[in-house]
1. For residue 87, work out the one condition from (1) farther than 14 Å from residue 61 by Cβ; (2) touching a residue at least 40 places away in the same chain (Cβ under 8 Å) it doesn't fulfil.
2. Return the residues of region 106-150 that are loosely packed, with under 12 Cβ neighbours inside 10 Å and either in a helix (DSSP H, G or I) or hydrophobic (A, V, I, L, M, F, W, C) (or both); say none if nothing qualifies.
3. Say whether the condition of being modelled with pLDDT under 95, within 24 Å of residue 102 (Cα to Cα) and surrounded by 10 or more Cβ atoms within 10 Å (Cβ to Cβ) is met by at least one residue in region 42-49.
4. Among (1) in contact (Cβ under 8 Å) with a residue 24 or more places away in the chain; (2) basic (Lys, Arg); (3) under 20 Å from residue 171 (Cα atoms), there is one condition residue 94 misses while meeting the rest; what is its number?
5. Only one of these conditions is not met by residue 192: (1) under 23 Å from residue 64 (Cβ atoms); (2) at pLDDT below 95. Which number is it?
6. Checking residue 102 against (1) surrounded by 17 or more Cβ atoms within 10 Å (Cβ to Cβ); (2) under 20 Å from residue 173 (Cβ atoms): exactly one of these is not met. Which one?
7. Which residues, taken from region 151-189, are under 12 Å from the mean Cα position of the chain (by Cα) and either closer than 19 Å to residue 69 by Cβ or in a helix (DSSP H, G or I) (or both)?
Amino acid sequence: MLIQTLIVASALIAGPQAQTPPRATPETPRPVQDPATPTAEKPHTDHAAGATGADAAFVKKAADGGMAEVALAKLAQEKASNADVKSFAATLEKDHTAANDELKEVASKKNITLPASPSKNHQALHDKLAKLSGAEFDKAYVSAMLEDHQKDVREFARVSSASGDADVKAFATKTLPTLKDHLKHVQDLSKSMGAKKPTS
């Protein structure tokens, strides 16, 4: 009887122990939460990838315009006969060169490939002005810069107030006051010279 009692007692003790492993089962779902963690971080990775299509288009367009401004400013300093036009061109070359350098940094940070040379339209304007001289050149150049800066101010103001890429927006906001100064300057030149749009 004593032996049978011990066997029964041992079986009772062993029973709860055999049921112990399943208690760890509820803890197993916890690691399943780990794969969800990288998924939550994806938006940050995508955000750092670069600017949106609209912002990238603006950066490329600004780079194109900036290169053209510098090239035309150098041409004006060589061909202009009016001292004020020469001085204005020198200011444009300096300011747009600095803006172009800043824009290159933004483009590099956002993995945006900038154009290597001015667009066909800008090159055509350069070639057209290169054939002019004296007062004719002065008026045509001032007229072209007036039209160009009116467009630039509108475009940079739009991007400056938009909810796009923070770095692109910061560049537009920083550059806008300089463009407004250029516009005011060339408006004054246009009035004093009676500049007209160059005929196509």
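The values are calculated or read from the model by the stated rules, or taken from the named source; none is laboratory data. No experiment lies behind these values; they were computed from the predicted model shown. Here Cβ is always computed from backbone atoms with ideal geometry, including for glycine, and neighbour counts include all displayed protein chains.
1. All conditions pass for residue 87, except number (2).
2. Answer for region 106-150, where residues must be loosely packed, with under 12 Cβ neighbours inside 10 Å and either in a helix (DSSP H, G or I) or hydrophobic (A, V, I, L, M, F, W, C) (or both): 108, 116, 120, 121, 127, 134.
3. Yes, the conditions are met somewhere in region 42-49.
4. (1)
5. Single failed check for residue 192: (1).
6. (1)
7. 156, 159, 160, 166, 167, 168, 169, 170, 171, 172, 173
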